[in-house]
Every structure is written in structure tokens, then in C-alpha cells.
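> Right, I'll just put the structure down here and ask away after.
The values are calculated or read from the model by the stated rules, or taken from the named source; none is laboratory data. Fair warning: this is a prediction, and the values are worked out from it, not measured in the lab. Because the Cβ atoms are built from the backbone with ideal geometry, glycine has one as well, and the counts that use them run over all protein chains shown. Just the protein is used for accessible areas: all its heavy atoms, side chains included, with ligands, DNA and RNA removed. Shrake-Rupley method; radii C 1.70, N 1.55, O 1.52, S 1.80 Å.
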Amino acid sequence: MDMADVSRRTKEGVEISLQVSPKSSRSGIEGIDPWRKRLIVRVKAPPLDGRANKEVEGVLSDATGCKAQVTAGHTSHQKTVTVYGDPDAICQKLNAAL
């Protein structure tokens, strides 16, 4: 599986389906869950006051070099994040991070 299986192109960039694990021992992109068809992202922050969401945005921004924003699932482990920019470049950078 690759990023094409867990993402959708939009006119702004790419929407990515995520499975987030808060309160992990380390932060980063872990891989792809083939059953849920979601990118797995682990973050150290607890799911309080939006801290985990901010860290998810930071992890994806660092991996792609583009602005990332949680657009759905703010209070859920399953989220949708929009990464703004060139879809081809974003998918290429995220595939390299896997």
C-alpha cells in the first residue's frame, strides 16, 4: 500500500485519512493500516485541549514541508488532515517517509 490508498487529491492539496495514537513514546509516521486504509501517526501529546491535533499537524508539516490542518475528526482517533500544496510532491514526500 502507498499514499494513493489513503489520500484524495483536492484543488487545495491532499486530504489524508489518519489513525492517530496519542500518548505514544515517540512521534512520527508509523505506516499504513491496510484494514482501515489509514495512515498511522503516533504523537507524544495527550488528546487534551487539541494538543494531539496540533502535534499531528506538526508531524505532517515536517514530513511534507507544507501546511497541514486537521479538517475532520477533531475528537476522534480517526482524522482527516488536509495538506496544502502540490499533490504530487506531497504524496512523494510521504511515501518516502513510510
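> Are any of the residues in region 7-20 of a type in the set (A, V, I, L, M, F, W, C), under 13 Å from VAL70 (Cα atoms) and without any contact (Cβ under 8 Å) to a residue 24 or more places away in the chain?
Checked against the condition, which is being of a type in the set (A, V, I, L, M, F, W, C), under 13 Å from VAL70 (Cα atoms) and without any contact (Cβ under 8 Å) to a residue 24 or more places away in the chain, region 7-20 yields no hits at all.
> Specify which of the listed residues (VAL59, VAL41, VAL14, VAL6) is surrounded by 14 or more Cβ atoms within 10 Å (Cβ to Cβ), touching a Pro at 6+ places or on another chain (Cβ under 6 Å) and within 22 Å of ALA89 (Cβ to Cβ). Give the steps one after another, and end with the answer.
Working: VAL59 fails: touching a Pro at 6+ places or on another chain (Cβ under 6 Å); VAL41 fails: touching a Pro at 6+ places or on another chain (Cβ under 6 Å); VAL6 fails: touching a Pro at 6+ places or on another chain (Cβ under 6 Å).
When all the criteria are applied, what remains is VAL14.
> Kindly indicate the residue of region 62-84 that is touching a residue at least 60 places away in the same chain (Cβ under 8 Å) and polar (S, T, N, Q) and also least open to solvent (accessible area, probe 1.4 Å) among those meeting that condition.
Result: THR82.
> Take the residues in region 66-98 that are out of contact with any Cys (no Cβ under 9 Å at 6 or more places or on another chain) and assigned to a loop (DSSP other than H, G, I, E, B), then tell me which one is modelled with the lowest pLDDT.
Residues of region 66-98 that are out of contact with any Cys (no Cβ under 9 Å at 6 or more places or on another chain), as a first pass: 66-82, 87-88, 91-92, 94-98.
From what's left, assigned to a loop (DSSP other than H, G, I, E, B): 66-67, 73-77, 98.
On the way: CYS66: 95, LYS67: 97, GLY73: 94, HIS74: 94, THR75: 94, SER76: 94, HIS77: 95, LEU98: 84.
Per the criteria, the residue is LEU98.
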